[in-house]
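Structure first, then comments.
Please treat every number below as a calculation from the coordinates, not as lab data. This one's a predicted model, so the numbers in the text were calculated from it and none came from an experiment. Positions of Cβ are generated from backbone atoms using ideal geometry, with glycine treated the same way; all protein chains shown enter the neighbour counts.
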Amino acid sequence: MKKILILFFLTLVIFACDRFEHNLEPTSDNENYIIDFFNTFADSISTFPESLSGIMSFYNEDYNNNGVTKADVEDFYTTFIIINTPIFLEATLIDTTDNNIEWRLLATLLSGETFMDTLISDVLIETEDSYQFYGNQADMRNVIVELFTGQWCSNCPSAEEALHNLRMQYGSRFSYVEYHVGDQLAGDFSDIFGYYPNTGTLPLGIVNGNAHIIYSAPSVEEVQAEIETAITPLLQESLLALLTDVQTNLTDTLLTASVQIELDPSIPTDNLSLVAVLMEDYNEDYPNYHGDPHHNIALKRITVDISTLNLDDPISFEINELDVLPQWYMDNATGLPEDLTLVIWVQTLETPYNQNSCAVHNVIEVSL
C-alpha cells in the first residue's frame, strides 16, 4: 500500500507541474465548445468510480503529458479505488487559452475533509464532434512541414486546409509554417525557397526536410493523405534529439531566446543548424485564394550553425528587426501581432541540398 501511495503522489506531481509550450488555433466558438466538453467530463468525474471507463474515453489513445500515458492516467484514477476509502471527485475548469486547459481536481472524504486538491495542465485535441485530452506530447518525436504558398495561388488553399486538419488531428506532434511568396504577407524567404529543389510553382511543401516534397494539391483529401503517409513513419521513429527549456524575451524589435538541445550520438553534428521561425497563428484580414483565413504565417526565419557549439549549454539566438515585417503589417501599421508562436527545430543543412541527409531531427513550439 505504501508503494502505491508513493506512486500516486508522484503521478500528481507530474500532472501538476506540466507547462504549456504549444498553441492550437482557436475559432470563434472554441471556448464554448471546450466548456461543453469539460462539463461532460466533469459529470463523469462526479460519478466516479462507476464511471471510470467513461472517464478514460476522454483521453486520446496517444495521450502523453510529460511522459504520462493514458495507461498511467487510468492507474492514477484506479489508485483512488485501491485506497479502499470512499472518495468523491470533482473537476472544475480554471482556465482555457486556445486548446490549452487548466483544471482543478478535488478529492474529498466522506467526512468532507479534503484528501487532495491539485491543478492539472493539459492540451486538448479536436475530434470529429468534440475534444480529447492529448497532453503536451513532450519527449516525443515531432515533425514539421514547410509550405510555400501565396494568396494568388489557386491550388494552395487545399494544401493549407490539409495541413491545418493534420494539426488538429496530431496536435503538438505536428507543426507547419507558411512561407508566403509574392503577396502582402510575404517575408524574405527567397534563400530557403531556392535551397529546396522545386519547379518554381506553388504550393511547395517540404516534409521534415527530406521526407517528402509536395508539388501540387489536387484536393484537400488527396494532399492530406499524401502528407499523412509521409509523416506516419516519422512519428514512430525513436527520439534522437530533445529540445527543452525554451526561454524567450520579446520586445517590439527583438526576440531573444535560448533552448536546451540534447542529441543522440548517432546524429552527426556536421552541417547541423538550429532553425527558428516566428509566425502569426491566425490572420483573417488578408485571406487565401478561396477566401479562408491563413494560419501559421512565417514573419521571420533565422538559422544558427550549431555544429561546433557546446550543446551542454543552452543555445542562445535572436530574431531582430521585428519592426520590419511583411508588407501587410507595414501597410496597416499594426506592429507585431498578438498571436505569435516561435517554432524551433534542429536540422542538417548541407550545401547544396541533399535529399538523403538534410533531415529535421525534432521540433518544438512555444506560444509567446
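Quick notes
- Around the amide H of His212, modelled in the peptide plane, lie the amide H atoms of Val207, all under 5 Å away and 5 or more residues distant in sequence or on another chain.
- Difference of contour (0.36 nm per residue) and Cα-Cα distance, Asn39 to His212: 58.1 nm
- Distant-in-sequence amide H partners of Ser273 (H built 1.01 Å from N, under 5 Å): Ile306, Gln347, Thr348, Leu349
- Difference of contour (0.36 nm per residue) and Cα-Cα distance, Val324 to Asp264: 17.8 nm
- For a paramagnetic label modelled on Glu90 (point 7 Å from Cα along Cα→Cβ), amide N atoms under 14 Å away belong, within the range 112-129, to 112-118.
- The Rg/Rh ratio of the chain, with both radii computed over alpha carbons and Rh defined as the Kirkwood radius, is 1.00.
- Relative contact order [Cα under 8 Å, 6+ residues apart], the range 240-368, whole percent: 30
- Burial order of peptide ranges 58-70, 307-319 (average beta-carbon count within 10 Å, highest first): 58-70, 307-319
- Using R0 = 35 Å, the C-beta based FRET efficiency linking Thr334 and Val304 works out to 0.80.
- 3J(HN,Hα) along the range 303-319: 10, 10, 6, 10, 5, 10, 7, 7, 7, 5, 9, x, 8, 9, 7, 9, 10 Hz, from the Karplus curve 6.51 cos²θ - 1.76 cosθ + 1.60 with θ = phi - 60°, whole Hz, x for Gly and Pro.
- Whole-Hz couplings from phi, Karplus 6.51/-1.76/1.60, listed for the range 39-45; x for Gly and Pro: 4, 5, 4, 4, 4, 5, 4
- Cα gyration tensor shape for the range 246-289, rounded if a/c is under 1.5, else prolate or oblate: oblate
- Under-5 Å amide H pairs with Gly135, H placed in peptide plane, nonlocal only: Asn64, Val123
- Summarising the label geometry, the points placed 7 Å from Cα in the beta-carbon direction at Thr78 and Glu284 lie 4.5 nm from one another.
- Our summary gives the chain a relative contact order of 16 percent, counting only alpha carbon pairs under 8 angstrom and 6 or more residues apart.
- For the range 190-206, 3J(HN,Hα) computed residue by residue from phi via the Karplus equation (6.51, -1.76, 1.60; θ = phi - 60°) reads 5, 4, 6, 5, x, 6, 7, x, 7, 8, x, 10, 10, x, 10, x, 10 Hz, glycine and proline entered as x.
- Averaged over residues, the count of other Cβ atoms within 10 Å places the peptides 174-181, 124-131, 332-339 in the sequence 174-181, 124-131, 332-339, highest first.
- With contacts taken as Cα pairs under 8 Å at a separation of at least 6 residues, the range 137-231 carries a relative contact order of 38 percent.
- Least to most buried among Asp43, Asp191 (fewest other Cβ within 10 Å first): Asp191, Asp43
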